[in-house]
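Have a look at the structure below before the remarks.
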Amino acid sequence: MSDVERLLRDAMHERAEQTLAGTGLLADVHRRSARRDRRRRFKAAGVGLATLLVAVGVVTGVVRPGGDDGSRRAVPATASLDPGGLRLLAPSADGTPVFPYRPGVTPAGGFAAPVVSIEAGRIVAFYEAKDPVRGVDVTISVGGERPVFDAPAGPVSEKAQRLHGGRPATLRTVSVSPAAQLSLYWQESPARWVRIDTDDTFTAAELVNFANRLEPASVPVTAPFRLDVAPVGMLLDTVTASMMSWRPATGAATNADLVSCVLTRPRTHAGPTTTVGRYRGTLRRTATETTLTVALDDRDQSLVVRVPARYPISDADLVRFAAGVDVTDHAEPAGG
Amino acid sequence: MSQGFDAFVVARGHALRRFAHVLCGDPHLAEDLVQEVLARAHRRWERIEAMDLPEAYVRKAVVREYLSWRRRRSSTERAMAELPDRPQPPGPGHDPAHDLAARDEMWALLAGLPRAQRAVLVLRFYLDMTDEEIANTLGCAHPTVRAHASRALGRLRAAMADRSAPQTVEVSVERR
């Protein structure tokens with residue numbers, strides 16, 4: 001055994017010994033097991049996802065199949081935010097955002113079903129390799145703006161590439177130990193940028209080939225909630241396993257401008273409660289926002305619906321909004 | 001069913017948590033990982049319990065969950081660019097402070113390895129599994145295990161050598 005191997009073994013055993021002996025594991029496991037049973041029952045009684053996502057009249061700032069530009073199409077009549085306050089209407093099926101590609105080549109073992117989310121207006125598909133050992137994970141994102149990268153964790157290099165049809169692309173490599181991060185991005189059309197992120201399990205040539213072999217598809221967003229009603233005249237900004245949020249259709253928006261529904265771990269309720277569907281909730285108004293925190297007792301979680309003060313909403317409407325949020329089997333609480 | 005399951009969790013739960021901690025590098029996430037696997041095992045415990053090695057089955061499930069689970073969170077994770085500043089090692093020998101710093105450094109480097117490589121190293125060096133057992137746990141071939149181990153150890157050696165130059169470390173990749 002070499003020095004490195006001995007050091008590795010010692011480091012692992014040392015950290016293992018530092019694991020605290022908790023006393024609540026069995027109770028936690030039983031709670032989680034019971035929650036899984038409930039989720040299975042919900043799923044069995046559930047309805048299709050496709051009809052439940054986006055509000056009627058919402059400007060869908062996401063890509064649609066066959067769309068050539070990732071356009072932010074405004075649905076007529078109700079596409080602007082009512083200056084009198086937040087309006088809520090039942091979602092329509094044709095507003096369901098979809099991811100427009102699927103891989104034409106797959107790594108060893110293939111990909112699992114993609115997880116499609118929306119992050120700050122960009123639609124993102126995470127393709128997880130089924131074979132965790134030989135495969136490679138790939139994230140593809142599509143949006144109307146040139147990709148913006150987080151501060152790199154290591155030296156960055158960029159190299160020009162050519163895709164089929166002569167389309168110019170950029171291969172960006174962040175050299176970090178022990179595995180480099182590879183990103184390939186290009187402008188597919190005047191209003192559509194595509195970005196692929198992976199690691200150096202893929203070579204540059206394999207990544208370019210992967211990009212060249214993308215095929216048209218319509219993969220629906222994996223939503224954490226089914227909605228009876230949703231904001232009218234707003235863009236769907238973010239959809240993750242724990243959150244859906246909407247932003248104004250025009251102008252720059254910060255987090256403070258977002259209407260959001262977030263699934264969280266259970267929260268303590270202070271003050272008087274009100275009935276929200278079959279649950280109880282606590283409504284709180286401040287100068288900047290109104291929040292309704294609903295105790296989902298049967299899930300041991302909470303739902304937090306937040307509406308900025310700039311969109312006036314009555315208590316009754318906020319309760320109606322929250323009561324119409326049904327947590328799907330895809331949902332996971334934030335931070336969990 | 002529940003009594004057998006409860007007895008298993010009480011008897012082996014902490015060992016599973018320690019294993020998961022080494023595997024994923026974070027005690028809180030390890031707790032989550034173990035809870036998730038045990039919660040799934042709960043409903044099928046009669047069948048699992050009837051196996052020759054129920055703990056091996058659960059441990060395998062922990063590894064599989066880790067490999068899948070970690071990737072689901074990978075888009076928000078960032079590789080560590082720089083290790084935290086550490087005291088300069090005082091030189092060769094058995095200085096306890098030096099040994100501790102070296103183990104900390106190794107632990108930090110381990111955190112940056114791709115998940116499959118890390119899993120291979122944990123199964124080999126923490127659980128002392130043979131390559132055949134590792135291959136069975138990961139559902140891959142022996143050469144794949146060896147390739148992962150070789151690549152991971154090579155990376156660790158290179159990183160350790162970079163950080164402690166001009167000190168060199170013996171290279172010994174092949175095992176079993």
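The values are calculated or read from the model by the stated rules, or taken from the named source; none is laboratory data. Predicted, not measured: the structure shown is a model, and the values here were computed from it. All Cβ positions, even for glycine, are placed from backbone atoms using ideal geometry, and neighbour counts span all protein chains on display. We work out accessible area using only protein heavy atoms, side chains counted, and drop any ligands, DNA or RNA first. Shrake-Rupley method; radii C 1.70, N 1.55, O 1.52, S 1.80 Å.
Of the residues making up region A:132-174, those that are within 11 Å of chain B (Cβ to nearest Cβ) and in contact with a Phe, Trp or Tyr (Cβ under 6 Å, 6 or more places away or on another chain) are A:V136, A:V138, A:T139.
Residue-by-condition table, conditions (1) open to solvent by 60 Å² or more (accessible area, probe 1.4 Å); (2) closer than 18 Å to B:A119 by Cβ; (3) within 7 Å of chain A (Cβ to nearest Cβ); (4) in contact (Cβ under 8 Å) with a residue 40 or more places away in the chain:
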{"site": "B:F8", "(1), (2), (3), (4)": "no, no, no, yes"}
{"site": "B:A11", "(1), (2), (3), (4)": "yes, no, no, no"}
{"site": "B:G25", "(1), (2), (3), (4)": "no, yes, no, yes"}
{"site": "B:L33", "(1), (2), (3), (4)": "no, yes, no, no"}
{"site": "B:L38", "(1), (2), (3), (4)": "no, no, yes, no"}
{"site": "B:A41", "(1), (2), (3), (4)": "no, no, no, no"}
{"site": "B:R44", "(1), (2), (3), (4)": "yes, no, no, no"}
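Looking at A:P114, is it within 13 Å of chain B (Cβ to nearest Cβ), in contact (Cβ under 8 Å) with a residue 24 or more places away in the chain and open to solvent by less than 60 Å² (accessible area, probe 1.4 Å)? Judged against the criteria, A:P114 is a match. So, in region B:100-154, of the ones that are basic (K, R) and surrounded by 23 or more Cβ atoms within 10 Å (Cβ to Cβ), which residue ends up farthest from the chain's Cα centre (by Cα)? So the residue we want is B:R124. Of the helices (runs of 4 or more DSSP H) lying entirely inside region B:53-163, those containing at least 2 residues that are modelled with pLDDT under 80 and within 7 Å of chain A (Cβ to nearest Cβ) span B:54-72.
Hey, does region A:267-277 have a residue that's among the basic types (K, R) and either in contact with a Gly (Cβ under 6 Å, 6 or more places away or on another chain) or buried (at least 16 other Cβ atoms within 10 Å of the Cβ) (or both)? Within region A:267-277 (the criterion being among the basic types (K, R) and either in contact with a Gly (Cβ under 6 Å, 6 or more places away or on another chain) or buried (at least 16 other Cβ atoms within 10 Å of the Cβ) (or both)), the answer is no, since none of the residues qualifies.
Only one entry in A:A211, A:A217, A:A169 is open to solvent by less than 70 Å² (accessible area, probe 1.4 Å), among the aliphatic types (A, V, I, L, M) and part of a helix (DSSP H, G or I), namely A:A211.
Table: residues versus (1) outside any strand (DSSP E or B); (2) touching a Leu at 6+ places or on another chain (Cβ under 7 Å); (3) modelled with pLDDT of 95 or more; (4) open to solvent by 10 Å² or more (accessible area, probe 1.4 Å).
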| position | (1), (2), (3), (4) |
| --- | --- |
| A:A287 | yes, no, no, yes |
| A:D298 | yes, no, no, yes |
| A:S302 | no, yes, no, no |
| A:V305 | no, yes, yes, no |
| A:Y311 | yes, yes, no, no |
| A:A316 | yes, no, no, yes |
| A:A322 | yes, yes, yes, no |
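The condition of being open to solvent by 10 Å² or more (accessible area, probe 1.4 Å), under 25 Å from A:W186 (Cα atoms), at pLDDT below 50 and of a type in the set (G, A, S) holds for only one of A:G61, A:G67, A:G144, that being A:G67.
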